[in-house]
1. Please enumerate the residues belonging to the stretch 135-153 that are in contact (Cβ under 8 Å) with a residue 12 or more places away in the chain and over 23 Å from the mean Cα position of the chain (by Cα).
2. In the stretch 314-359, what count of residues is obtained for those that are touching a strand residue (DSSP E or B) at 6+ places or on another chain (Cβ under 7 Å) and free of Cβ contacts under 8 Å to residues at least 60 places away in the same chain?
3. Determine if the stretch 42-61 includes at least one residue that is under 26 Å from ASP173 (Cα atoms), crowded, with 20+ Cβ neighbours inside 10 Å and among the polar types (S, T, N, Q).
4. Just wondering, is there one or more residues in the stretch 409-424 that are farther than 23 Å from TYR258 by Cα, small (Gly, Ala, Ser) and touching a strand residue (DSSP E or B) at 6+ places or on another chain (Cβ under 7 Å)?
5. Considering the stretch 426-441 alone, what residues qualify as being of a type outside the set (Lys, Arg) and assigned to a strand (DSSP E or B)?
6. Could you list, in sequence order, the residues of the stretch 277-305 that are under 30 Å from GLY212 (Cα atoms) and within 16 Å of the chain's Cα centre (by Cα)?
7. Return the only residue of GLY314, GLY322 being assigned to a loop (DSSP other than H, G, I, E, B), more than 26 Å from SER351 (Cβ to Cβ) and of a type outside the set (Val, Ile, Thr).
Amino acid sequence: MNPILPLNFYMPDAEPRVFGDTVYLYGSHDIYNSDNYCQGELYVAYAKLNDLSNFKLQNILTFEKSGHSFDEAGAFQAPDCIEYNGKYYLYDNRMKRPTCDVAVSNSPLGPFVDYGFIQNKDGSSFDLRFFDPAIFVDDDNRIYLYTGFCPGKMSRWAKLANPYSQVLELEQDMKTVKAGPFNLIPGPLASEGTSFESHPFFEASSLRKIDGKYYFIYSSELSHELAYAVSDNPISGFKFMGTLVSNANIGFKGNTKYMVPWGNTHGSIFNVGKDYYVVYHRQTTGRETSRQAMAEKIEFVDGIFNQAEMTSLGFGKPLCKGQFYNATIASVLLNDSDNPKLTVGIEQDKSNLISTFRESLEDSNIHYINVLRNTTVGYKYIDFNDVRHISLRLEGSRGYILFKQDLDGEAIAKIEIDSKHFNYDLDVNFSDGIKPLYIIFKDNEPLKFYEFSLN
């Protein structure tokens with residue numbers, strides 16, 4: 001289910017790579033409640049393709065072994081990994097350095113050791129500000145590195161703006177530049193009049209090849225969406241095609257309203273046979289620096305991806321009776337705020353303004369939704385066959401709760417809540433079938449929603 005990793009592990013920017021019978025997620029590492037991005041050492045999450053509900057974690061690169069300490073180079077950001085000639089090459093950029101660092105290992109699980117950086121033929125550092133590097137080896141063994149950061153002119157990062165994302169071709173040593181950089185996808189400063197005008201490149205490059213076509217995946221200026229473009233050439237000719245997923249569920253079937261607090265996202269796709277999945281991240285806390293890895297199954301028909309819906313499912317089946325579920329697997333979290341966009345920095349914390357997914361500061365195994373006044377919590381999807389009872393565990397507040405299976409429909413049950421009780425049980429005449437569940441808190445003071453079960 002979503003999130004796809006343990007609730008107390010925060011992996012944004014996950015790049016899925018299939019090596020053999022295993023998928024590996026190479027991502028950044030947020031530290032819960034930090035005021036900045038990617039403060040942890042690098043880990044990989046991995047699972048067998050026939051058991052995607054069982055991910056394990058492995059530390060792959062420490063600050064000590066990276067070639068540059070945290071104080072010298074800052075945080076690891078958005079790594080990618082590729083296998084070539086029996087070795088595994090890991091690419092990342094550091095928050096305080098413009099270069100793209102390279103590490104190498106004999107195993108996709110590491111440990112990785114410093115292999116230098118993207119360089120000129122004389123061994124000097126290549127003069128380019130690298131950001132969110134993505135590596136790709138084509139069928140003809142030509143090697144390409146994608147990078148880019150393209151904020152708009154009104155962005156706080158406007159001084160770092162580049163009009164285009166870029167791609168370089170590398171030599172067979174995997175780090176020396178052979179050709180480029182070449183402009184690839186227009187950002188906000190260059191997108192007017194192009195197919196990218198409404199979805200210009202911002203960051204988060206990723207490249208996949210499917211049936212002879214090149215699919216370039218990126219995070220657009222809209223921030224909440226992974227978009228994609230297609231070309232017959234790995235370094236030119238890309239046309240915007242659509243959205244893969246939004247971490248606010250904006251755009252799915254025409255939806256224009258945020259469904260959860262949102263911020264940046266980053267990820268890519270992989271397939272298991274004919275089934276495709278998109279991996280991305282969602283936001284927790286009141287700012288966008290405690291992000292969690294998510295996944296959705298995505299339809300791929302005649303070379304086109306149809307936007308995936310943000311759900312509670314991940315790689316799993318619908319939720320069912322007989323189990324307790326942590327409240328934070330919700331895929332809908334709405335309250336009265338009209339500004340749920342999260343960003344970085346202590347001064348940007350919106351924890352007192354919007355309902356949020358939280359972790360106990362005393363025990364990292366305790367997770368809950370901090371429910372502010374008049375909040376809707378939703379789960380997509382639940383198998384309601386023979387479900388006639390719901391149990392909730394809450395802490396604090398007064399008010400009442402409505403239960404719905406259709407957000408625009410009538411409530412099918414109601415229960416009063418108070419500050420004296422933690423556990424609430426209710427018989428509900430749920431309709432059978434695979435449907436969403438909406439738990440709507442009304443006239444309540446702030447409370448903690450820990451878990452629920454269906455029977």
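The values are calculated or read from the model by the stated rules, or taken from the named source; none is laboratory data. Keep in mind that this is a model prediction, so the values were computed, not measured. Because the Cβ atoms are built from the backbone with ideal geometry, glycine has one as well, and the counts that use them run over all protein chains shown.
1. Within the stretch 135-153, VAL137, ASP138, ASP139, ASN141, ARG142, ILE143, TYR144, LYS153 qualify.
2. Residues meeting the conditions: 1.
3. no
4. yes
5. LEU426, ASP427, ILE434, PRO436, LEU437, TYR438, ILE439, ILE440, PHE441
6. Once the filter is applied, which keeps residues that are under 30 Å from GLY212 (Cα atoms) and within 16 Å of the chain's Cα centre (by Cα), the stretch 277-305 yields TYR277, VAL278, VAL279, TYR280, HIS281, ALA293, MET294, ALA295, GLU296, LYS297, ILE298.
7. GLY322
Conditions (1) within 26 Å of ASN255 (Cβ to Cβ); (2) in contact with a helix residue (DSSP H, G or I) (Cβ under 9 Å, 6 or more places away or on another chain); (3) hydroxyl-bearing (Ser, Thr, Tyr), marked per residue:
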position	(1), (2), (3)
ARG393	no, yes, no
GLY396	no, no, no
GLY399	no, no, no
LEU402	yes, no, no
ILE434	yes, no, no
ILE439	yes, yes, no
PHE452	yes, yes, no
